[in-house]
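The next block holds one structure in the form of structure tokens; read it before the comments.
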Amino acid sequence: MELELELEGADLKAVLNRLRRAQGQISGVIRMIEEGRDCEDVVTQLAAASRALDRAGFAIIATGLQKCVADIESGRTNDEDANAMRARLERLFLSLA
């Protein structure tokens, strides 16, 4: 069973905003390095970009988890599929940890 990305409306907008924020922060880090900026400033900006990426990833995983729970409750997913999906979500969470 595959975990499909099904973000809509506000969820999609929130994830895209976080990813765009991270993209801007990473561009800022590159610019700062090219300009020879202070190491502490560069690391601070890099940490902010990392947090934005993590939050986007967690939002995507949470959406998958919500879909998984809804599928189980509605009976669209059998126990074997539910266990496989749970294992995949667990691996995804751990990949962000």
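Hand me the list of helices (runs of 4 or more DSSP H) wholly inside the chain holding 2 or more residues that are at pLDDT 90 or above and surrounded by 13 or more Cβ atoms within 10 Å (Cβ to Cβ).
Result: 9-34, 39-74.
Which residue pairs have Cβ atoms under 9 Å apart, sit 6 or more places apart or on different chains, and have a first residue in region 40-66 that is closer than 13 Å to Ala97 by Cα and touching a residue at least 24 places away in the same chain (Cβ under 8 Å) and a second that is of a type in the set (A, V, I, L, M) and not in a helix (DSSP H, G or I)?
Final answer for the pair search is Ile61/Leu3.
Quick check on my filter: what residues within region 42-93 are more than 26 Å from Leu19 (Cα to Cα) and among the polar types (S, T, N, Q)?
Ser74, Thr77, Asn78, Asn83
The values are calculated or read from the model by the stated rules, or taken from the named source; none is laboratory data. In this text, all values refer to a predicted model and were calculated from it rather than measured experimentally. So basically every Cβ, Gly included, is an ideal-geometry build from the backbone, and we count neighbours across all protein chains shown.
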